[in-house]
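The values are calculated or read from the model by the stated rules, or taken from the named source; none is laboratory data. Predicted model only: the values in this text are computed from it and were never measured. Here Cβ is always computed from backbone atoms with ideal geometry, including for glycine, and neighbour counts include all displayed protein chains. Ligands, DNA and RNA are stripped out before the accessible areas are found, and what is left, the full protein with its side chains, is counted by its heavy atoms. Shrake-Rupley method; radii C 1.70, N 1.55, O 1.52, S 1.80 Å.
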Number of protein chains: 2
Amino acid sequence: MQISKGVEWAVHAASLLNGLPAGRGLKAEAMARYHDVPAAYMAKQLQALSKAGITKSSRGAHGGYRLAKPADEISLWDITAAVDGKGPAFRCTEIRQNGPCGLKPKDCKQACQIAAAFAVAEQAFRDSLEAVTLADIAGQVVNDAQPDHLFAIMNWLNAETVPLSDKGL
Amino acid sequence: MQISKGVEWAVHAASLLNGLPAGRGLKAEAMARYHDVPAAYMAKQLQALSKAGITKSSRGAHGGYRLAKPADEISLWDITAAVDGKGPAFRCTEIRQNGPCGLKPKDCKQACQIAAAFAVAEQAFRDSLEAVTLADIAGQVVNDAQPDHLFAIMNWLNAETVPLSDKGL
DNA sequence: TTAAATCGGATATTAAATATCCGAATAAAG
DNA sequence: CTTTATTCGGATATTTAATATCCGATTTAA
């Protein structure tokens, strides 16, 4: 049971986007460089975020990414689901219907007890992640950070961000 | 984020062991046949259960497996951890320390906010699974099943189980 | 003592996650 | 309006982990 590395990168990237000034964007390569990770693979995660409606992108010269909605409407679960999929972690293959004592399909109208228990646990996991938004993360980071570190980030963002075109949003 | 198929098999196998008469055992091949799954791979899961102290095994002629402790002391999390490992699903690689604005190690004494949020969610997941024991599963299954189905299982177990030797326990 | 039977760890195979590349699309400059 | 530089998006390799299998170590019963 592993969460893909892409989820970590995607959350960090989204947090970074949250920090940039209004009306400006950041390209995938810059975000990869900021975190010192392979650019092409970071780009893949950002595509997943755009597909899920978490980020918006604009192509061409001076293109880039920005958040598609307020940070307090983007939960950690939203990002996890966008990158790793929203399917259940426990996949019941109904082996209770197999073998010499297998149940008949008509006696399997309610879910397998084992699968049901895992579904409850996964729901608890999701609920916990849904309760944490990008805004929460950002707030904690700002609180804990040294002032000069925040200043350094601001400077870097000012140098790297581009004003997004009107169409691109 | 996927839970391996082996976990499903292991839980079903453990449930089956819970149903067998006191002092008797069941070999890996029989459990595989009962669920109509590959014997060698089922065996692998049972080895993991034994290693974790959930089952006890005895080798040689008339060998087999049995539960190592009462069913109400074996939780779904115990089995999941035995088969899939107990490591965290979200693996923080500390990319906050990377790149042009990376944090210094001395400023990273407390865990990354993102990793912390995932740790909370995973704890909720574990807590939920720890609250469900094999005894709970067995109780629900017995309640829901048709009497003739339970009878069929009993007959099959009587035919397949072997009396475990004294040493083997 | 012997031999059959079973578990346990080591070994192939397949699927998924990881990483990369190239074409489609867009906007700015000429 | 055309051209060109730039960026995203989907399609394509590579590596890792999950899946499946096999053979030797060990134990018990005959």
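With an 8 Å cut-off on Cα pairs and a minimum separation of 6 or more residues, tell me the relative contact order of region A:1-96 in percent. All intermediate terms of the calculation are to be shown ahead of the outcome.
Values: 96 pairs, mean separation 30.2, N = 96.
Averaging sequence separation for qualifying contacts and normalising by length gives 31 percent for region A:1-96.
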Over the protein assembly as shown, with neighbouring protein chains present, the accessible area per residue in Å² at probe 1.4 Å is 50 Å²
Between A:N98 and residues 5 or more places away or on another chain, the pairs with built amide H atoms under 5 Å apart involve A:L103
Expressed as a whole-number percentage, the relative contact order of chain B with C-alpha contacts under 8 angstrom and at least six residues apart is 32 percent
The local net charge around A:V141, scoring Lys/Arg +1 and Asp/Glu -1 for residues other than A:V141 whose Cβ lies under 13 Å from its Cβ, equals -2
Computed for region A:63-110: size of charge dipole around the Cα centre, +1 on C-beta of each Lys and Arg, -1 on C-beta of each Asp and Glu, debye to nearest 20, value 320 debye
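How big is the protein assembly as shown by the Kirkwood estimate over distinct Cα pairs, in Å?
Numbers: mean 1/r = 0.0439 Å⁻¹.
Radius from the Kirkwood sum: 22.8 Å.
What's the ranking of B:99-105, A:30-36 by average number of surrounding C-beta atoms within 10 Å, highest first?
A:30-36, B:99-105
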Honestly region B:9-75 on the Cα gyration tensor test (a ≥ b ≥ c root eigenvalues; a/c under 1.5 rounded, otherwise a/b vs b/c for prolate or oblate) is just rounded
Computed about the Cα centre, the charge dipole of chain A from +1 Lys/Arg and -1 Asp/Glu charges at the Cβ has a magnitude in debye, to the nearest 20, of 840 debye
For A:T93 and B:V120, extending 7 Å from Cα along the Cα-Cβ vector and measuring point to point gives, in nm, a value of 3.7 nm
When the charge dipole of region B:23-169 is computed with +1 at the Cβ of Lys and Arg and -1 at the Cβ of Asp and Glu, the Cα pointing farthest to the positive end, of B:C92, B:A119, B:I54, is that of B:C92
The farthest towards the positive end of the charge dipole of chain A, of the residues A:G6, A:L20, A:P147, given +1 on Cβ of Lys and Arg and -1 on Cβ of Asp and Glu, is A:G6
iface B-A | buried accessible area, total | probe 1.4 Å | Å², round 100 | 4900 Å²
The size of the Cβ-based charge dipole (Lys, Arg +1; Asp, Glu -1) of the protein assembly as shown about the Cα centre, to the nearest 20 debye, is 900 debye
So, in nm and shortest first, the distances from A:A116 to its counterparts in the other copies, with label points 7 Å along Cα→Cβ, work out as 3.8
The Kirkwood hydrodynamic radius of chain A, taken as the inverse of the mean 1/r over all distinct Cα pairs, in Å, comes to 18.2 Å
Per DSSP, the loop-located trypsin sites (Lys or Arg not before Pro) within region A:50-122 having at most 15 other beta carbons within 10 Å are A:R59, A:K86, A:R91, A:K109
Under the 7 Å Cα-to-Cβ spin-label approximation, A:F151 and A:A43 lie apart by a distance in nanometres of 3.6 nm
Excluding residues fewer than 8 positions from B:K51 in its own chain, the lysines with Cα under 20 Å of it are B:K5, B:K27, B:K69, B:K86, B:K167
So the carbon and sulfur contribution to the accessible area of region A:11-59, 1.4 Å probe, in percent, is 50 percent
Helix-only [θ] at 222 nm, the protein assembly as shown, -39500 (n - 2.57) per DSSP H run of 4+, per residue, nearest 500, equals -16500 deg cm²/dmol
For region A:70-152, the percent of accessible surface on carbon and sulfur atoms (probe 1.4 angstrom, ligands and nucleic acids excluded) is 54 percent
